[in-house]
Amino acid sequence: MTSVTTTGAKSPPRILQPRLDNWPAAFILAIIISILAIALLPPKASFWVSLAACALAAASAVYNAWGRYKGGLLVAPAIALLFVMNIFPLLWSLGLSFFSYRANRMKPPAFIGLDNYEKILTDPTVWDRLQTTAIMAILTVAVQMVVGFLLALLFSKQFPLRRYLLILVLTPMMLSYVAIGAFFRYYYEPTFGLLSQFVRMFTGEPFILLATTQGAMAGIVFADAWMWSPFVMLLVLAGLVSVPKYLYEAAAIDRLSGWRQFWNITFPYIRGLLMLALLFRTIEAFKLFDVVFLLTEGGPGTSTETIAIYVYRQAIQFNKTSDSTAISYILLFTVIVLTNLYLYLANRRAREA
Amino acid sequence: MTVKTMLKGLATASAMAAVMTVAGASLAPANAEEVVLRMAVPDWPPTRIMKDMFDKNYKAPSGKDVKLEIDFIPWPDYYTRLNASLTSGEQKYNMAVSDSQWLGAFIEGGYYRKVNDLIDADPDLKATLADMHPAPLQAYATYPYKSENYYGFPQMPDIYINYYRTDIFCNEEEQANFQAKYNQKLPCTPEEMDNVDWDMYEKFGEFFMRKKGEKLAGQVLDDDFYGIAYQAGKAYDFSTMQINAFIWQYGGNIWDETQAPKGHAEGVVNSPEAVKALDHYLRLTKYMPPVVKTGSMDIFKTDELFREGKVASHIEWIGFAESTINPQTSKVSDKVAFALPPGLRGEDGQIIRWANIGGQPFVIMTWSTDEQIKEITDFVKWWLSPEVQHQYAAQGGQSAIKSVYNDPKYVTYRPWNRTWAPGLDWQKDTWHIPEFFELLVQGQEQYDLAITGKQDAKTTLDNIAAFQEKLLKEAGHIQD
């Protein structure tokens, strides 16, 4: 760092100097202007004024960094984009969750404190949807872990056409959700669908998988597991190929059983990656939306309506904007807690090992 | 490069950008005669035909170069997408082809512009609207429903009708077997089919449900075959539209917004008549293709099943008829006929045919400029002019204007047009209040539970009534 200090003994402290590179002052000024604008001006004008103030602060920071912090400047555009597209809406919606507001009404937001959160946490519908989500997440992640793990064991061996089969197995993961939804919708369809045609060869009756709660759940879990098992496989496979060969050779000399070899040699190498796969897939499964929406719309009735679909209905269909942001924050909080729990467990295991 | 030269470069670049922007703006007046109207529409034949007719024939009376930029949005997502666009404030569209139920939600939100001033200022437009059948005009244009406040102009009026296979219904062997089994004649001509009530329709269901390998109209079936189908899907309004018809035919009612704030949901929505009606609706589903048990038998699925030759008859919006008679999209294009939808036979022997109106109005957004509004008005006048309405009907559209559809030529355009005038008299509409979508979604969920066999009609309607009573009270539509 080569910071240049030109401040003389008599000049005021740096933060009070009206200079373009005085970024802390610019930031404070921007915050004050924004707060005043939001409080005093109509929404549209306040938006533009706040934006201009933010731009000024950003310009000041860039001017200050120019020629001095090259690395920082290089990542600045990415951070700016992240701020505009992600962090700002996130903070905005967090604020909105303490207000009563519907996007399709003319009424301005009214502050109601924690009412939205109280309403949601005491709403049996939300708990029901969370339960559905939990059941679905547990089932689909369990299936993915088992199938992905077995596939990885299979593909860690050398056999003819392995490379081509591997590409085939990885394909579902690369398809879009819409394609998968449309595909499985037809696959399960009782009149034209392959599944029904196949079952009918034995029973003579068309098979209507999505008519029952259990069937619909099974259909969704299968489709989601079909799509994401390869992801688990990929991670586990990476662990499996990293196990040094000599350990197995040593184990063979010691006449260790296959089970002991797996438990004492293979498993420690893939445990971290398995944890990672579990973490990723659980977070994703918790947000499960696309496949459910395309396959069942949450039906029959609301029996497969996950919390993500519930939020979508509240936010986009019913325009309960602030209620749905509150649910989203509860969800975000849940996912963060889950993640930390996993990381904690994973770290503890690693330390024990 | 020093900081100074870099800053200089930056300044030069931004100056150039500014110059280019100004130049772009000053270039615009060269095409000043061009007016762009952006419109959101559902993606289906009635709007595709409109776009085609506009591109080929439309000359703006003002002499300006009017461009229609249309976003075709699939039906199941249309409400959600338009809702997102309007509430986000992006002000992307100047007009939309809006489903009639949305009026309340989007008028209260400040998006749809009231058009009474445009109608009053234009005697021609006023005369055209006066010549319109009241059912579609009230459903598509008025808010509150049946008031004098107008917010739209009919684009495509629509009703549902009975699509059936002549090769099956008119087959002599089937005719003889039906006569032997039920001691009744199996209808064949559209006139005979007009006289079909729900009891007869149920018999079609029972009679034509055949297994793979059995014979149908002299042919051995290579797949299961079904007699009847109507909408029973979970998404959007894909069961409500048909269930409402049953409820009205039985003398029941949905929550009636014209009775607000006195009219209740409890006791009306779950009246004994309504329960009987829903039971009847559910009873017929057992003769329908098995997909009905999954909650995905929407209007697109019954249409697909019919065009693929898997059902003998289905009840469907007229908007789908064009693709049914097109050999490129339909396996039954040359053996389909159209009749009035079945109804409930009253004590006097007449069929009660109340049905839920379909179809959509044009609406204008509040942020459209005066110039755009002028062009939109001219466009709407062009669309509602008798010649264009006749042209539209000749290509498979429909007209709500009496002088157009009462013209003897009208019924000759398409085989289903004969059902149009008599069908229109039996139309009612669902709610237009801003909360309609919550009512609709909750109703659809409850109906889905009934259709998939999870709960009976009484419980379903009790749940719906309780939900509506609570919601409507909170919203101030029901006051004690």
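The values are calculated or read from the model by the stated rules, or taken from the named source; none is laboratory data. Remember, predicted model here, so these are calculated numbers, not experimental data. Don't worry about glycine lacking a Cβ; one is built from the backbone with ideal geometry, like all the others, and counts go over all protein chains shown.
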>> Please go through the stretch A:186-209 and give me each residue that is surrounded by 19 or more Cβ atoms within 10 Å (Cβ to Cβ) and either more than 23 Å from residue B:234 (Cβ to Cβ) or touching a strand residue (DSSP E or B) at 6+ places or on another chain (Cβ under 7 Å) (or both), ordered by number.
In response: none
> So which residues in the stretch B:431-455 are crowded, with 22+ Cβ neighbours inside 10 Å, within 14 Å of chain A (Cβ to nearest Cβ) and part of a loop (DSSP other than H, G, I, E, B), if there are any at all?
Replying inline: B:433, B:434, B:452
>> Looking at B:428, B:458, B:402, B:473 in this structure, which one is away from chain A (no Cβ under 14 Å), touching a Phe, Trp or Tyr at 6+ places or on another chain (Cβ under 7 Å) and more than 30 Å from residue B:333 (Cβ to Cβ)?
In response: B:428
>> Go through (1) more than 12 Å from chain B (Cβ to nearest Cβ); (2) of a type outside the set (Lys, Arg); (3) more than 30 Å from residue B:225 (Cβ to Cβ) for residue A:178 and report which single condition fails.
In response: (1)
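Matching residues to (1) within 30 Å of residue B:88 (Cα to Cα); (2) touching a Gly at 6+ places or on another chain (Cβ under 7 Å):
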position: B:352; (1), (2): no, yes
position: B:355; (1), (2): no, no
position: B:369; (1), (2): yes, no
position: B:378; (1), (2): yes, no
position: B:394; (1), (2): no, no
position: B:411; (1), (2): no, no
position: B:421; (1), (2): no, no
>> For the stretch B:144-154, check the following and say yes or no: at least one residue is of a type outside the set (Phe, Trp, Tyr), under 30 Å from residue B:321 (Cα atoms) and either surrounded by fewer than 23 Cβ atoms within 10 Å (Cβ to Cβ) or within 14 Å of chain A (Cβ to nearest Cβ) (or both).
In response: yes
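The rows are residues; the columns are (1) free of Cβ contacts under 8 Å to residues at least 24 places away in the same chain; (2) part of a helix (DSSP H, G or I).
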residue	(1), (2)
A:21	no, no
A:47	yes, yes
A:53	no, yes
A:68	no, no
A:91	yes, yes
> Here are some residues: A:271, A:255. Which one is more than 14 Å from chain B (Cβ to nearest Cβ) and either over 30 Å from residue A:167 (Cβ atoms) or modelled with pLDDT of 95 or more (or both)?
Replying inline: A:255
>> Against the definition (at negative phi, surrounded by 14 or more Cβ atoms within 10 Å (Cβ to Cβ), more than 14 Å from every other protein chain (Cβ to nearest Cβ) and part of a helix (DSSP H, G or I)), how does residue B:245 come out, yes or no?
In response: yes
> Do you know which of the residues in the stretch B:407-425 that are surrounded by 15 or more Cβ atoms within 10 Å (Cβ to Cβ) and not in a helix (DSSP H, G or I) is nearest to the chain's Cα centre (by Cα)?
Replying inline: B:414
> When the stretch B:323-360 is examined, which residues are found to be part of a loop (DSSP other than H, G, I, E, B), touching a residue at least 40 places away in the same chain (Cβ under 8 Å) and of a type outside the set (Val, Ile, Thr)?
Replying inline: B:335, B:340, B:341, B:342, B:353, B:354
> When you go through B:265, B:235 one by one, which is the residue that is outside any helix (DSSP H, G or I) and within 23 Å of residue B:75 (Cβ to Cβ)?
Replying inline: B:235
>> Name the single residue that is farthest from the other protein chains (Cβ to nearest Cβ) among those in the stretch B:275-311 being part of a helix (DSSP H, G or I) and basic (Lys, Arg).
In response: B:276
> Name the residues in the stretch A:181-215 that are of a type in the set (Val, Ile, Thr) and within 11 Å of chain B (Cβ to nearest Cβ), would you?
Replying inline: A:191, A:208, A:212, A:213
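I'd like to check something: does the stretch A:326-338 contain any residue that is at pLDDT 85 or above and surrounded by 22 or more Cβ atoms within 10 Å (Cβ to Cβ)? Quick ask: steps written out before the conclusion?
Going residue by residue through the stretch A:326-338, those that are at pLDDT 85 or above are A:326-337.
Pick out the ones that are also surrounded by 22 or more Cβ atoms within 10 Å (Cβ to Cβ) and you get A:326-327.
Yes: the stretch A:326-338 contains one or more residues that are at pLDDT 85 or above and surrounded by 22 or more Cβ atoms within 10 Å (Cβ to Cβ).
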> Which one of these is surrounded by 12 or more Cβ atoms within 10 Å (Cβ to Cβ), away from every other protein chain (no Cβ under 14 Å) and closer than 27 Å to residue A:315 by Cα: A:36, A:56, A:94?
Replying inline: A:94
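State yes or no: is residue A:100 within 30 Å of residue A:314 (Cα to Cα) and either among the β-branched types (Val, Ile, Thr) or in contact (Cβ under 8 Å) with a residue 12 or more places away in the chain (or both)?
Numbers: within 30 Å of residue A:314 (Cα to Cα): yes; either among the β-branched types (Val, Ile, Thr) or in contact (Cβ under 8 Å) with a residue 12 or more places away in the chain (or both): yes.
Here the answer is yes, as residue A:100 does meet what is asked.
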> Of all the helices (runs of 4 or more DSSP H) wholly in the stretch B:158-222, which have at least 3 residues that are over 15 Å from residue B:315 (Cβ atoms)?
Replying inline: B:166-169, B:172-182, B:198-208
> Does residue A:106 satisfy the condition of being of a type in the set (A, V, I, L, M), exposed (fewer than 13 other Cβ atoms within 10 Å of the Cβ) and within 30 Å of residue B:102 (Cα to Cα)?
Replying inline: yes
